[in-house]
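This report concerns only the one structure given below.
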Amino acid sequence: MIAGMWIRSTMAYRASFLMTAFGSFAATFLDFVAIMLMFSRVDALGGWPLPEVAFLYGLSGTAFGLADLVIGSTERLGRRVRDGTLDTLLVRPAPVLAQVAADRFALRRLGRVTQAGLVTAWAVVRLDIDWTPLKLLLLPVTVVSGCGIFCSVFVAGAAFQFLAQDASEVQNAFTYGGTTLLQYPPTVFAKELVRGVTFVLPLAFVNWLPAAFVLGRPYPLGLPEWVAFTPPLVAVGCCALAGLAWRAGLRSYRSTGS
């Protein structure tokens, strides 16, 4: 209901909505322009040509864009904790997390999703992939699972803001920073970093591992082939852990009294 209110408010000024959505589209497109500029000087990045890097970029951007659309508003939780306006959400007959996620629901974020989806489509057209039913099924599963993984990072970051109210930039380092990391192939990063985003904060399951199967690329860290099909399980596990962190953070909340 809250999200619907913000959508109706947004669509009351459709010209403004179109301009802000296009602004979001253009801003994220500049990220891909930077990648294209790199490839104006080199033929491959870490052994990956432009269409394959674009495939990574598109999968990561689409998954993150959907998560940002659905639950990106949680990054403002620290402000509510500081000024005491979180109290108004606690007395409403609706889950607090759903209310926080729906607060100031920004439909303009569809611009990011659209841009990443177009890059994915362009990459698929340019790539010479031997498509099988399994690979075709893996693409939407990867996007949905990646969205779930990013949602869990958003929620875990919001839970941390119960303790450190000024920690929104820390959260952004793992959300926006995470999707920027995944835009590039794992071969350009140190193995310690690749291990960290595989076994500690499992962002590698957003696109690196499924893309390796689709493109026929070697798996990061020499992992077995079946790990490409585990993103749904990883997403469920991450969401469960994020849910526990959220409940712990909410229980620790003490009103400002204002």
Restricting the range 89-114 to residues that are at pLDDT 85 or above and closer than 14 Å to LEU18 by Cα, the one farthest from the chain's Cα centre (by Cα) turns out to be THR114
If we ask which residues in the range 216-227 are closer than 15 Å to LEU138 by Cα and surrounded by 19 or more Cβ atoms within 10 Å (Cβ to Cβ), their number turns out to be 1
Query raised in the report: Regarding PHE39, is this residue buried (at least 24 other Cβ atoms within 10 Å of the Cβ) and of a type in the set (A, V, I, L, M, F, W, C)?
Result: no
| said: Suppose the filter is among the hydrophobic types (A, V, I, L, M, F, W, C), assigned to a helix (DSSP H, G or I), on the phi > 0 side of the Ramachandran plot and surrounded by fewer than 20 Cβ atoms within 10 Å (Cβ to Cβ); does LEU241 pass it? | reply: no
Checking ARG8, ARG41 in turn, the sole residue that is more than 22 Å from the chain's Cα centre (by Cα), modelled with pLDDT under 85 and among the basic types (Lys, Arg) turns out to be ARG8
By my count, helices (runs of 4 or more DSSP H) wholly in the range 123-195 with at least 2 residues that are farther than 19 Å from PRO210 by Cβ and out of contact with any helix residue (DSSP H, G or I) (no Cβ under 6 Å at 6 or more places or on another chain) are 168-182, 191-195
Restricted to the range 125-164 and to residues being of a type in the set (Gly, Ala, Ser) and either surrounded by fewer than 16 Cβ atoms within 10 Å (Cβ to Cβ) or within 12 Å of the chain's Cα centre (by Cα) (or both), the residue farthest from THR230 (Cα to Cα) is ALA164
### Message
Given the criteria more than 30 Å from THR85 (Cα to Cα) and small (Gly, Ala, Ser), does ALA235 qualify?
### Response
yes
Filtering the range 244-255 down to residues that are exposed (fewer than 13 other Cβ atoms within 10 Å of the Cβ) and assigned to a loop (DSSP other than H, G, I, E, B) yields SER252, ARG254, SER255
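The values are calculated or read from the model by the stated rules, or taken from the named source; none is laboratory data. This is a predicted model, so every value here is computed, not measured. All Cβ positions, even for glycine, are placed from backbone atoms using ideal geometry, and neighbour counts span all protein chains on display.
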